[in-house]
Amino acid sequence: MKTLLTIAWRNIWRNPARSGVLLAAIVAGLWAGVVTVGIINGLMQQRIDYMIESEITHAQIHHPEFLAEGYSWLYIPDHDEIISRLENDSRVLSFTSRTITDGMLQSPVKTSGVRIRGIDADKERETTTFHENLIEGEYLDSGMSSAILIGQEMAREHSMEIGNRVVLTFEDVNNELISASFNIVGIFRSASTDYDRTNVFIRSEEFIKLLSHKPVYHEIGMMLVHEDLAGEKVADLNDHFAGIKAQTWRQLSPELSMLVELGGVMVIIITMIIMAALAFGILNTMLMALFERMREIGMLISIGMSKLRVFTTIMFESVILTLTGAAAGFLLAWITIGYLSGSGLNLEMFAEGAAQLGWDHIIYPVLTPGEYVIIIIVVVLITLISSLYPAIKGIRINPLEAAKSS
Amino acid sequence: MAILQTKNLSKVYNPDTVPVHALRDVSITIDKGEFTSIVGPSGSGKTTLLNMLGGLDKPTSGSVWVNGEEITSMKESKLIDFRLHNIGFVFQHYNLIPVFTAHENVSFIMLLQNRSKKEIRERADDLLEQVGLGDRKNARPVQMSGGQQQRVAVARALASEPKFILADEPTANLDSTSAMNLLDIMNKMNREQNVTFVFSTHDQRVIDRARRVITMVDGAIHKDEYRDVEETAEN
Ligand SMILES: Nc1ncnc2c1ncn2[C@@H]1O[C@H](COP(=O)(O)OP(=O)(O)OP(=O)(O)O)[C@@H](O)[C@H]1O
Ligand SMILES: [Mg+2]
């Protein structure tokens with residue numbers, strides 16, 4: 001066994017240039033692949049975290065038809081019972097109730113459809129990071145009455161600025177058309193231009209007075225101790241309260257859960273490309289090496305080296321070569337990701353349009369231990385499988401090759 | 001005692017297209033301790049015969065017997081193992097593992113036989129000494145001359161303690177001094193250790209050293225003569 005390893009090891013260095021090229025290719029390929037996977041993961045995770053933390057939260061409760069219809073009379077029944085249940089649940093970190101209705105926003109320039117979000121400024125601040133999106137002006141806790149926050153994109157389309165007045169028109173819970181004017185106190189920019197064009201924020205207590213004679217809420221958003229608890233919390237709420245619909249962030253945002261899947265698919269595609277290159281590299285190098293050594297292997301079989309030993313030697317050679325490269329590439333990738341996950345990778349120069357699409361330009365690559373393990377297993381498997389062919393070719397060599405005279 | 005025997009051995013290459021009768025009905029017997037040369041013009045079937053004797057190729061008809069065992073019908077894997085323990089080979093070239101030193105090359109075949117480390121080391125030392133390469137143990141094939149490489153090959157062939165050693169034109173690539181030197185070594189081993197050699201050659205000076213000369217013509221045995229070669233034994 002040790003002798004076979006020795007032959008394999010020395011054979012690798014018989015053609016240092018060829019082995020070196022393959023080694024370098026494997027190191028570079030694996031490094032680039034693993035880092036890319038880390039970047040994609042980081043990108044996806046940051047987007048998801050941002051969406052959850054700034055707006056969606058881990059789980060939300062609505063009237064079952066509210067999200068599709070947006071009418072003010074589709075408010076959450078049993079709101080106070082639900083709230084007290086959330087208050088007494090240790091899995092719930094924080095929550096906030098919102099009063100929401102679809103309506104029209106009118107400025108001197110034009111009229112456009114909006115979703116009017118009435119929020120409790122303090123509870124919203126405890127639950128989400130929406131307040132961090134404010135790029136100009138003040139948040140809703142300044143005390144000024146009839147205050148409204150609009151998105152940067154809407155401000156642009158309506159040519160509005162802080163201090164301007166807008167009129168909101170919407171139906172109250174009794175189907176009556178209501179109009180009220182608001183003063184722009186702040187402008188926000190979220191990760192999505194589309195969101196910034198179609199959402200405005202006002203104080204919920206002011207909104208409720210316009211909508212109904214009693215408090216109505218259309219949405220409760222909650223952050224949990226851990227994202228993984230969303231499923232069970234939602235099931236628990238749906239079991240306890242009829243006439244509401246609790247949903248996890250994945251259910252609420254098909255966009256986000258598609259993103260998660262898309263990330264997974266991209267990771268698989270990248271992995272497959274790298275693995276195909278790896279397999280091709282091994283096959284090419286090993287078949288070349290084998291072709292050069294036909295006679296030598298014929299001689300070894302002639303003098304009595306068993307096929308199993310020939311097979312093992314060739315396998316050793318390709319496996320040592322590949323796994324050395326893979327290990328080095330992996331280590332490099334691990335160091336790179338470790339470094340970048342602290343400092344972040346600044347893609348500002350490529351990311352001019354990214355903010356418009358709702359992406360960060362500083363990316364913190366991540367790769368979970370599980371993903372490392374999977375990639376290692378796949379690399380080892382591919383190495384073994386693609387080493388198999390040259391090894392089988394090797395044992396098929398005719399011993400007469402050694403006896404040929406020229 | 002016959003250690004090697006062929007019975008009506010025939011080999012036809014390309015039987016379906018352009019048949020080449022490389023061997024025709026060859027029956028020979030080789031006894032322990034022989035020093036036999038197979039000669040004949042190019043294309044007469046020397047290599048083909050040696051390949052059959054070594055179990056490297058299958059005859060079209062007839063059989064080869066080694067030490068009373070028929071090898072022609074052996075399964076390939078069994079035959080490889082049989083070769084390892086019974087037959088020594090010296091080829092014209094490509095004898096050695098290029099990444100191994102002389103000592104490692106000689107040791108290798110004994111490692112394949114799963115012998116003890118100590119025995120392997122001592123025997124490899126001893127054999128390299130015997131072929132006059134005691135000081136080149138750690139040289140790799142590329143660092144040695146053709147003659148030295150062939151001597152390592154002889155040492156390697158002997159290391160496995162085979163019943164006999166087959167050598168197809170072992171001196172063809174050597175200058176005459178190296179060729180004679182190799183022959184001396186083979187001859188000495190034959191006389192002192194009763195090692196059986198069967199080798200093919202074109203070289204008259206090599207033929208002169210053989211005690212038995214089998215001449216082949218057109219795939220058949222043309223002449224089979226035993227000679228007295230006492231005059232060369234002084235080496
Ligand atoms: N693989 C093969 N396929 C077809 N014909 C072959 C093959 N090997 C040998 N022959 C033919 O068989 C005959 C005997 O060849 P062989 O190599 O045994 O002769 P040889 O006596 O060793 O010749 P040389 O002195 O040139 O080495 C020749 O006519 C040769 O052309
Ligand atoms: Mg020949």
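Details
- Yes/no for B:MET74 being more than 16 Å from ligand 2 (Cβ to nearest atom) and over 23 Å from A:TRP9 (Cβ atoms): yes
- Output for the range B:193-219, where each listed residue is of a type in the set (Lys, Arg) and in contact with a helix residue (DSSP H, G or I) (Cβ under 9 Å, 6 or more places away or on another chain): B:ARG205, B:ARG209, B:ARG211
- Of the residues making up the range B:46-62, those that are within 16 Å of ligand 2 (Cβ to nearest atom) and open to solvent by 20 Å² or more (accessible area, probe 1.4 Å) are B:THR47, B:ASP57.
- The set of residues in the range A:169-203 being touching a residue at least 40 places away in the same chain (Cβ under 8 Å) and more than 21 Å from A:MET154 (Cα to Cα) consists of A:GLU171, A:ASP172, A:VAL173, A:ASN174, A:ASN175.
- Some residue of the range A:219-227 being among the β-branched types (Val, Ile, Thr), over 37 Å from the mean Cα position of the chain (by Cα), in the same structural domain as A:GLU87 (by TED's automatic domain parsing) and surrounded by fewer than 18 Cβ atoms within 10 Å (Cβ to Cβ): no
- Residues satisfying the stated conditions in the range B:17-42, i.e. loosely packed, with under 14 Cβ neighbours inside 10 Å and either of a type in the set (A, V, I, L, M, F, W, C) or within 12 Å of ligand 1 (Cβ to nearest atom) (or both): B:THR17, B:VAL18, B:PRO19, B:PRO41, B:SER42
- Test for B:LEU4: is it within 12 Å of another protein chain (Cβ to nearest Cβ), open to solvent by less than 60 Å² (accessible area, probe 1.4 Å) and of a type in the set (A, V, I, L, M, F, W, C): no
- Scanning the range A:250-267 for any residue that is surrounded by 16 or more Cβ atoms within 10 Å (Cβ to Cβ) and among the acidic types (Asp, Glu) turns up nothing.
- Unmet criterion (only one of (1) closer than 30 Å to A:ALA59 by Cα; (2) surrounded by fewer than 18 Cβ atoms within 10 Å (Cβ to Cβ)) for A:MET294: (1)
- Residues located in the range A:124-139, provided they are open to solvent by less than 60 Å² (accessible area, probe 1.4 Å) and either modelled with pLDDT of 95 or more or outside any strand (DSSP E or B) (or both): A:GLU124, A:THR127, A:THR128, A:THR129, A:PHE130, A:HIS131, A:ASN133, A:TYR139
- B:VAL206 passes every criterion in (1) away from ligand 1 (no atom under 16 Å from the Cβ); (2) away from chain A (no Cβ under 14 Å); (3) aliphatic (A, V, I, L, M) apart from (1).
- Members of the range B:127-179 that are closer than 30 Å to B:ASN67 by Cα, within 14 Å of chain A (Cβ to nearest Cβ) and among the aliphatic types (A, V, I, L, M): B:VAL152, B:ALA153, B:VAL154, B:ALA155, B:ALA157, B:LEU158, B:ALA159, B:ILE165, B:LEU166, B:ALA167, B:ALA172
- Sub-8 Å Cβ pairs linking a first residue in the range B:66-87 that is more than 14 Å from chain A (Cβ to nearest Cβ) to a second residue that is open to solvent by less than 20 Å² (accessible area, probe 1.4 Å) and of a type in the set (Val, Ile, Thr), at least 6 apart or interchain, are B:ASN67/B:ILE3; B:GLU70/B:VAL64; B:THR72/B:VAL64, ordered by first then second residue.
- Across the range B:121-149, the number of residues qualifying as within 18 Å of B:PHE199 (Cβ to Cβ), open to solvent by less than 10 Å² (accessible area, probe 1.4 Å) and not in a loop (DSSP other than H, G, I, E, B) comes to 1.
- Of the residues A:THR193, A:THR198, the single one that is outside the structural domain of A:ARG47 (by TED's automatic domain parsing) and either closer than 17 Å to A:THR127 by Cα or modelled with pLDDT under 90 (or both) is A:THR193.
- Index of the failed condition, B:SER10 passing every other in (1) surrounded by fewer than 21 Cβ atoms within 10 Å (Cβ to Cβ); (2) hydroxyl-bearing (Ser, Thr, Tyr); (3) within 14 Å of chain A (Cβ to nearest Cβ): (3)
- Lone qualifier among A:ARG165, A:ARG117 - being under 29 Å from A:GLN247 (Cα atoms) and either open to solvent by 20 Å² or more (accessible area, probe 1.4 Å) or in contact with a strand residue (DSSP E or B) (Cβ under 9 Å, 6 or more places away or on another chain) (or both): A:ARG117
- Hits in the range A:359-397 (condition: within 14 Å of chain B (Cβ to nearest Cβ) and open to solvent by 70 Å² or more (accessible area, probe 1.4 Å)): A:ARG396
- Residue match in the range A:34-56 (condition: free of Cβ contacts under 8 Å to residues at least 12 places away in the same chain and part of a loop (DSSP other than H, G, I, E, B)): no
- Residue satisfying all of: in the range B:165-221; among the hydroxyl-bearing types (Ser, Thr, Tyr) and within 16 Å of B:SER44 (Cβ to Cβ); farthest from ligand 2 (Cβ to nearest atom) among these: B:THR215
Every residue, every condition in (1) within 16 Å of the chain's Cα centre (by Cα); (2) aliphatic (A, V, I, L, M); (3) under 30 Å from A:THR101 (Cα atoms); (4) not assigned by TED's automatic domain parsing to the domain that holds A:ARG125, yes or no:
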| site | (1), (2), (3), (4) |
| --- | --- |
| A:TRP9 | no, no, no, yes |
| A:ARG18 | no, no, no, yes |
| A:TRP31 | no, no, no, yes |
| A:MET44 | yes, yes, no, yes |
| A:TYR71 | no, no, yes, no |
| A:SER84 | no, no, yes, no |
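- Helices (runs of 4 or more DSSP H) lying entirely in the range A:224-342 (those with 2 or more residues that are farther than 30 Å from A:ILE392 by Cα): A:230-240, A:249-252, A:254-292
- Candidates in the range B:34-45 are the residues that are over 15 Å from B:SER10 (Cβ atoms) and within 9 Å of ligand 2 (Cβ to nearest atom); of these, the one that is farthest from the other protein chains (Cβ to nearest Cβ) is B:GLY43.
- Complete set of residues in the range A:11-28 that are open to solvent by 30 Å² or more (accessible area, probe 1.4 Å) and either closer than 25 Å to A:MET272 by Cβ or within 14 Å of chain B (Cβ to nearest Cβ) (or both): A:TRP13, A:ARG14, A:ASN15, A:PRO16, A:VAL21, A:LEU23, A:ALA24, A:ALA25, A:VAL27, A:ALA28
The values are calculated or read from the model by the stated rules, or taken from the named source; none is laboratory data. Just so it is clear, the model here is predicted, and its values are computed rather than measured. So basically every Cβ, Gly included, is an ideal-geometry build from the backbone, and we count neighbours across all protein chains shown. To get the accessible areas, we keep the full protein, side chains included, count just its heavy atoms, and leave off ligands, DNA and RNA. Shrake-Rupley method; radii C 1.70, N 1.55, O 1.52, S 1.80 Å.
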